[in-house]
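The values are calculated or read from the model by the stated rules, or taken from the named source; none is laboratory data. These figures come from a predicted structure and were not determined experimentally. Cβ: placed from backbone, ideal geometry, glycine included. Neighbour counts: every protein chain shown. These accessible areas exclude ligands, DNA and RNA; they are computed on the full protein's heavy atoms, side chains included. Shrake-Rupley method; radii C 1.70, N 1.55, O 1.52, S 1.80 Å.
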Amino acid sequence: MARILVVGATGHLGRELISACRQQGHEPHALVRKATRSDPAKMKPLQAAGATIHDGDLADEGSLLRACRAAEIVISAIGGLQIGDEGALVRAVKEAGVKRFVPSDFGLDPAAAGPGSCVLFDAKAAVHATIKASGIPYTFIHSNAFFTYWAFSLGDLTRLGGTLPPEEVNVYGDGNVMGALTSLPDVAKVTVRAVMDPRMENNEIVITANKITQNLLIALWQTTSRRTVKRTGVPAAEVEKMIAGATTPDQAMTLVVSQLHRSMWIRGESLRRGPTALKATEVYPDLVFQTVEQGMQRILVNDSR
C-alpha cells in the first residue's frame, strides 16, 4: 500500500483519482485549499474515501512541501489553465524525494502534437522538460479527450454548460476525423495502476481505447437519446482565422478552445503517439474501458435522477 497525494483532489478527475487509490488498496491523501474545507459538496467524496487532508495551495510552496513529505507518490490533477503554475509543486516534489510524480499532463500528448499546436500543450511540454532536468522519477499520462467535456458537448467545447448535450453544435472541419475519448474513471484507474508499475517509471502511457469522429458522436447521441441535433459546419480555414485573431488576453479562452478543436477534429492529433509513449491497452490488456455508448447512457441515467 502506497501513500498517494492528489493535488487538485476536489476537481472532476481529482475525485476519481482519490477513489481509484482506495479501490486499488492505497492510502489516498488530498491537497485542499483552506476555503474548500467549508464546502461540503467538495469534501464529501474525499471523506467517503477516507482521504487524509492536507491544507495547501499552489501559491504556498511550504504547504506543498509539507504535503509531499507525507506521501510516496504525487499526482497532480490541477486544471489545464493552471499548468503554468506547477513550478512550485515540481520543486516541492524534488525536495521531498517523492518516488514517482505524475504532472497534470492529462489530455493530448504534447510531443505527438508538436510545438505550436496549442498553448496548453506547449505549457505541458515545458513542465516535462523541467521534470526530466530535475531527475524526478515520473510517469506521464496522455488520456486524450475526457468524456466529461468532449462527449457531453458532442465535440463542441463552446456548448458546455447544460444539463444534457446541446441541441445545436458546431462541426469542425468535415466532422470525419477520428478522435480519442476516455472516461474519467478509466483515466484514474490507469494512472493509479501506472504509478505502482516499475515499468512505467520515467515512461509515458497513452489511452486511445475509444476512437470516434464528431459526426459519429453526434449520431450516437441522437440514436441513444432520440433527440435531434442541429449542426453548423465550421471549415478548417475559419478555425484558423479564429486562432489568428485571438491575440489579446481577454481572448485567451477563445484561443485555447479553437486550438483544441483544431487539434482534435481537424488535425487528428489525439490518435498520434509520441516516440516513447506506450499504449494503455497493450500495457494493461486486462483493463476494460468504458465505451462512448456507455458514456451516453450514463448521461441519460444521471439526467433522469
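Brief remarks on what is shown
- Net charge of neighbours whose Cβ lies under 14 Å from the Cβ of Thr247, counting Lys and Arg as +1 and Asp and Glu as -1: -1
- Signed unit charges on C-beta, dipole axis of the stretch 69-221, positive-most listed residue Ala71, His128, Asn176: Ala71
- Taking Cβ atoms as reference points and 10 Å as the exclusive limit, the residues near His26 contribute a net charge of 0, counting Lys and Arg as +1 and Asp and Glu as -1.
- Solvent-accessible ranking of Ile218, Ile299, largest area first, probe 1.4 Å: Ile299, Ile218
- Dipole check for the stretch 201-305: with +1 at the C-beta of Lys and Arg, -1 at the C-beta of Asp and Glu, and the Cα centre as origin, the magnitude is about 500 Debye.
- The residues of the chain expose on average 44 square angstrom of accessible surface per residue, using a 1.4 Å probe on protein heavy atoms.
- Just checking the listed ones, Thr148, Thr248, Thr223: in the Gaussian network model of the chain with Cα springs under 10 Å, the one fluctuating most is Thr248.
- Pairs spanning more than 26 Å between alpha-carbon atoms, out of Lys94/Lys124; Lys44/Lys279; Lys99/Lys189; Lys44/Lys132: Lys44/Lys279; Lys44/Lys132.
- Carbon and sulfur %, accessible surface of the chain computed with the full protein complex present, 1.4 Å: 51
- Summary value for the chain: 18 percent relative contact order, contacts being C-alpha pairs under 8 angstrom separated by 6+ residues.
- Solvent-accessible surface (1.4 angstrom probe) belonging to Lys99, in square angstrom, nearest 10: 130
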